[in-house]
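Everything on this sheet refers to the single structure shown next.
We did not get these values from a lab; they are worked out from the coordinates using the rules stated. What you are looking at is a predicted structure, and each value in this text was computed from that prediction instead of being measured. Methodologically, a virtual Cβ is constructed for each residue, glycine included, from the backbone with ideal geometry; neighbour enumeration extends over all protein chains shown.
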Amino acid sequence: MTPSSTPVSAAPGRSTIAVQRAMRRPWMLLAATLMLVTGNPALAHHGWNWAVGEQSELDGSIEAISMAPPHPTLRVKAPDGLVWQVDLGNPRQTERSGFTADSAKIGDPIRILGNRSKEQGKTHMKAVRITIDGRNYDMYPERIKSD
């Protein structure tokens, strides 16, 4: 091997791949820092940090059903006229609970046990259990608090 065929970026004893990996680290660190500083909304939404710890019940009628990822959702009109966004479990959890798009229809009465948004006045909650026509669909059975 002649000196001209030696990779210029590789230091003695280091492979070209090792040098390429080392050069990527600052970019990965910069990308991670930017996500933290700008606050990624998708990360903020997932989990339970956006919801209060205390569970409450909401009664109403279903206005819309969406089974689209990342979370199936319901729009529920409460007796006071407010319309709530109700996040169900992720698609797999929702399916395991037994709830499908055919489990309910627009206008059906519903009771939701869940955690409301911490944001005052925001009509948004995460369902732990929904009850339709006497049937319970437990999205997060491990979170259901017994009396």
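How high is the relative contact order of region 45-84, in percent, with contacts defined as C-alpha pairs under 8 Å that are six or more residues apart?
Values: 37 pairs, mean separation 11.8, N = 40.
With pairs under 8 Å counted, the relative contact order is 29 percent.
I need to check one value: relative contact order of region 55-147, counting alpha carbon pairs closer than 8 Å and at least 6 residues apart, in percent.
Reported as a whole number, the value is 28 percent.
Describe numerically, in nm with one decimal, the distance between label points set 7 Å from Cα along Cα→Cβ at residue 111 and at residue 48.
About 2.1 nm, to one decimal.
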